[in-house]
Amino acid sequence: MRWSSVLSSALLVAGASAFPHHTHKRSASASSSVAVSTPSPAPIKAAGAATDPPYWLADITHQGNAPFAASGYTVFRNVKDYGAAGDGVTDDTAAIQSAISDGDRTAPSFNKTTTVTPAIVYFPAGTYVISSPIIDYYFTQLVGNPNSPAVLQATSSFAGIGLIDGDQYQSNGKEGWLSTNVFLRQIRNLVIDMTKIPGTTPATGIHWPTSQATSLQNVVVNLNADEGTQHTGIFIEDGSAGFIGDVIVNGGLQGLNIGNQQYTMRNVTVNNAVTGINQLWNWGWTYIGLTLNNCQVGITFASSGGTQLVGGVNIIDSTISNVKTFVNTSWTPTADPAAAGNLILENVVLDSVPTAVAGPGTVYLEGGSTTIASYGQGHEYTPTGPSTLSRTYTAASRPTGLVASGTSNYYTKSKPQYEAYTTDQVVSIRSAGAAGDGTTDDTAAINSALKSAASSGSLVFFDYGVYLVSDTIYFPPGSKVVGESYPIIAGSGDKFSDASNPYPVVQVGKSGDSGTIEWSDMRVGTIGGTAGAILIEWNLAGDLGSGAWDVHSQIGGWQGSNLQLNQCPTSAAVSSDCEAAFLNVHITSDASNVYFENNWFWTADHDIEDPTNTQISVYTGRGVLVEGSNIEMWGTGSEHHGLYQFQFNGASNVVGGYFQTETPYYQPKPDATSGPYKSITTTPWSDPDFSTCLEGNCDALGLHITNSKDITMYGVGLYSFFNDYSTSCSNVGNGENCQSETFRVDGSVSGLNVYSYQTVGTTNMITINGTSAALYSDNLSVYPDSIALFSY
């Protein structure tokens with residue numbers, strides 16, 4: 001999340017077909033119908049109903065507690081309480097904006113971020129007339145009723161960059177927030193209607209430059225489909241995201257006009273656009289369950305003056321129908337940069353698609369009505385050695401436990417919204433006795449409520465709050481847990497302070513437990529020195545569909561964490577007060593059938609509450625340790641842990657993408673051998689052995705795979721930007737020497753397949769049993785270095 005590009009206001013006003021001019025630079029001060037088992041978005045025929053159908057989230061008593069906000073601050077806001085009519089006639093723009101801004105909240109014009117003032121802005125069913133952009137604020141969820149999504153309808157004279165503008169451009173020509181620091185926001189269950197705007201007028205449904213812990217879900221964008229239309233559904237020009245799922249765009253010049261460091265998109269559909277997706281730039285991107293219907297071009301890769309701007313794209317389990325050219329790439333075997341423009345296609349159904357893959361002046365892959373089992377372009381590293389790939393490849397085998405019943409597609413599952421639940425099936429955690437004020441010990445009240453709700457089949461609703469706990473919070477089998485605008489469970493006290501005796505903050509099932517657990521829209525953190533904390537320990541031998549959606553960890557950098565600029569400045573020596581977690585997430589060897597979607601496990605690199613997002617030094621040991629089987633991880637990031645970001649040890653049958661990591665900015669002072677958390681190479685932790693580091697800085701690994709089998713990763717980005725807070729080691733042309741290695745394979749490993757792999761700042765891209773297997777200098781790409789396919 002350490003990169004930002006800037007578009008000129010003139011290009012934006014001219015239309016969203018422009019692309020960033022500075023795709024190779026990064027701000028040193030920045031943060032950084034297909035057969036799938038995914039429910040379809042809510043039926044459009046129900047959208048805009050005159051009356052709001054029952055929906056538990058709207059109907060319960062709201063008692064969210066933002067403990068650091070002003071007295072009386074409101075977390076849940078219904079736009080009709082602020083004067084919106086939703087009658088399809090009244091201009092509701094000002095009322096909606098008032099609902100978003102109420103309570104001294106952070107607008108993009110403030111150019112600051114905070115976790116103090118969260119908000120859910122609720123839109124009952126109806127049609128809301130919009131005459132100018134709705135400006136989204138930080139830490140905001142815009143939510144409609146999934147049983148009848150509200151319609152936001154632009155007037156014919158609407159003008160601006162996005163009916164919903166996620167990061168408004170300011171008078172200086174820059175976005176209000178640095179897009180790589182925009183976290184904790186959602187849009188879901190809404191219909192964006194731009195059809196009244198003349199097709200010849202450039203118009204965009206959603207402007208969404210954003211980063212981790214963000215999502216669009218169950219959103220429909222309807223555009224003018226007249227000949228010559230200049231409409232765009234979703235425009236993303238920068239950021240470090242992120243996840244989008246269950247989104248439909250109808251009509252327009254381009255369904256999606258998008259560029260970002262990395263993204264995961266599941267179950268996205270574009271119908272009747274001239275170009276389905278214009279890929280402006282990226283480092284890496286993963287599409288699963290993509291559907292493109294009736295477009296001239298399905299997806300096109302941008303270039304500038306012959307220079308490629310796209311690092312890599314994976315498209316799997318997708319259906320393309322009545323499209324003249326599916327992929328229009330700028331890749332050639334002699335392209336500049338040499339390793340850019342990676343393409344991986346796997347299990348893609350074509351129906352009446354004459355050309356599957358076209359390039360400059362040529363056709364790489366003919367189409368028709370067929371299924372592309374596999375096809376790739378880019379650099380590949382296999383047991384037979386490195387080569388240039390421009391052909392089919394042997395696709396990874398798909399374990400039965402990861403495949404949707406009756407299909408060849410990977411199993412996927414949308415975040416549950418419990419549309420049919422009534423209010424008497426919902427248990428408020430505050431009504432159950434928890435305070436959520438950041439000081440009261442809420443352990444007993446939370447555990448009691450979870451136990452009772454699991455036995456009765458009720459949904460546990462965490463009203464917004466900061467829930468301090470002194471002991472483990474246990475999610476028993478049968479738990480269904482949902483948060484209001486990302487409330488946080490924060491471990492504090494002696495039980496979490498001993499690194500020689502690690503202790504879980506949240507425990508999902510105990511060893512031997514089986515059943516189903518669903519968990520969404522929450523955060524887990526720690527308060528103060530908690531060197532022995534394991535934030536999430538997942539033991540459940542789950543039924544298919546158990547998982548966590550939009551669940552994130554946030555270690556430091558938030559108000560009340562006591563791990564902020566005042567306590568943990570970069571100028572201070574390592575202190576036990578800033579040692580905040582032994583391990584972030586542990587999927588144990590007991591765990592099976594675990595489904596993760598859109599999860600960010602973050603040790604803070606900066607203080608979100610500081611007006612300039614000043615960097616801080618918070619120390620944690622390990623990121624995500626996976627030892628279970630039948631694991632899916634779609635859109636997962638792990639950042640700034642001292643020993644590794646992801647480790648797969650004894651794991652089997654794992655699939656996912658895009659996986660994104662960052663090395664701690666303070667390293668190598670101290671590095672992985674000399675930091676406060678020492679490598680424990682023996683069981684039960686089996687940490688990497690850093691005595692074998694290759695020449696150069698011996699920093700935390702981004703990815704360590706050991707003694708595991710059948711792991712498939714569709715998109716991996718392992719980024720090392722800093723050397724003791726200086727980016728000179730990762731700047732283009734400076735030798736990519738922030739650290740010596742970041743992806744290590746050792747022990748007994750089989751069935752490993754990595755597609756579209758990117759690194760920043762690392763000399764050796766792959767290390768196998770202590771030997772370098774791929775150098776960055778052989779794989780130069782758009783900014784990171786890139787490999788299309790690695791198998792072992």
Region 141-160 residues that are closer than 22 Å to Asp550 by Cβ, paired with ones that are hydroxyl-bearing (Ser, Thr, Tyr) and in a loop (DSSP other than H, G, I, E, B) (beta carbon under 6 Å, 6 or more apart): Gln141/Ser485; Asn145/Tyr55; Asn147/Tyr55
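Please tell me if Gly252 is on the phi > 0 side of the Ramachandran plot and either modelled with pLDDT of 95 or more or assigned to a strand (DSSP E or B) (or both).
Working: on the phi > 0 side of the Ramachandran plot: yes; either modelled with pLDDT of 95 or more or assigned to a strand (DSSP E or B) (or both): yes.
The answer is yes for Gly252.
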Test set (1) among the polar types (S, T, N, Q); (2) in contact with a strand residue (DSSP E or B) (Cβ under 8 Å, 6 or more places away or on another chain); (3) farther than 17 Å from Ala435 by Cα - Ser511 fails condition number: (2)
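From Ser397, Ser369, Ser387, which residue is under 14 Å from Phe790 (Cα atoms) and out of contact with any Cys (no Cβ under 9 Å at 6 or more places or on another chain)? Steps first, please.
Values: Ser397 fails: under 14 Å from Phe790 (Cα atoms); Ser369 fails: under 14 Å from Phe790 (Cα atoms).
None of the other options fit; the residue is Ser387.
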Long-range neighbours under 6 Å by Cβ, at least six apart or interchain, first residue more than 19 Å from Tyr719 (Cβ to Cβ) within region 767-789, second part of a strand (DSSP E or B) and of a type in the set (Val, Ile, Thr): Ile768/Val745; Ala773/Ile766
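Which one of Ser686, Ser777 is surrounded by fewer than 18 Cβ atoms within 10 Å (Cβ to Cβ), over 24 Å from the mean Cα position of the chain (by Cα) and small (Gly, Ala, Ser)? Before the answer, list the steps.
Working: Ser686 fails: surrounded by fewer than 18 Cβ atoms within 10 Å (Cβ to Cβ).
The conditions single out Ser777.
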Filter result (surrounded by fewer than 21 Cβ atoms within 10 Å (Cβ to Cβ) and either under 27 Å from the mean Cα position of the chain (by Cα) or not in a strand (DSSP E or B) (or both)) within region 504-527: Lys510, Ser511, Gly512, Asp513, Gly515, Thr516, Ser520
Residues of region 354-363 that turn out to be over 32 Å from the mean Cα position of the chain (by Cα) and either surrounded by 13 or more Cβ atoms within 10 Å (Cβ to Cβ) or under 21 Å from Asn294 (Cβ atoms) (or both), as a count: 2
Any chance Asp699 is buried (at least 24 other Cβ atoms within 10 Å of the Cβ), over 24 Å from Asp238 (Cβ atoms), at pLDDT 95 or above and in contact with a strand residue (DSSP E or B) (Cβ under 6 Å, 6 or more places away or on another chain): yes
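Suppose we filter Asp521, Asp471 for residues that are in contact with an Asp or Glu (Cβ under 6 Å, 6 or more places away or on another chain) and of a type in the set (D, E, K, R); which single one remains? First the steps, then the outcome.
Working: Asp471 fails: in contact with an Asp or Glu (Cβ under 6 Å, 6 or more places away or on another chain).
Result: Asp521 is the single residue among Asp521, Asp471 that is in contact with an Asp or Glu (Cβ under 6 Å, 6 or more places away or on another chain) and of a type in the set (D, E, K, R).
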Scan of region 729-766 for residues that are surrounded by fewer than 24 Cβ atoms within 10 Å (Cβ to Cβ), among the polar types (S, T, N, Q) and part of a loop (DSSP other than H, G, I, E, B), ordered by number: Asn731, Asn734, Asn737, Ser748
Given (1) farther than 24 Å from Val89 by Cα; (2) out of contact with any His (no Cβ under 6 Å at 6 or more places or on another chain), index of the condition Ala213 fails: (2)
Selection status of Asp351, within 16 Å of Ser781 (Cα to Cα), among the acidic types (Asp, Glu) and more than 25 Å from the chain's Cα centre (by Cα): no
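Hey, does region 551-571 have a residue that's touching a Ser or Thr at 6+ places or on another chain (Cβ under 6 Å), buried (at least 24 other Cβ atoms within 10 Å of the Cβ), over 17 Å from Ile473 (Cβ atoms) and not acidic (Asp, Glu)?
yes
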Residue count, region 149-179 (criterion: among the hydroxyl-bearing types (Ser, Thr, Tyr) and either over 26 Å from the mean Cα position of the chain (by Cα) or closer than 19 Å to Ser485 by Cα (or both)): 4
Which numbered condition Val182 misses (of (1) surrounded by 22 or more Cβ atoms within 10 Å (Cβ to Cβ); (2) under 16 Å from Val274 (Cβ atoms); (3) of a type in the set (A, V, I, L, M)): (2)
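The values are calculated or read from the model by the stated rules, or taken from the named source; none is laboratory data. These numbers come from a predicted model, not from an experiment. Ideal geometry is used to build each Cβ from the backbone, glycine not excepted, and the neighbour counts take in all protein chains shown.
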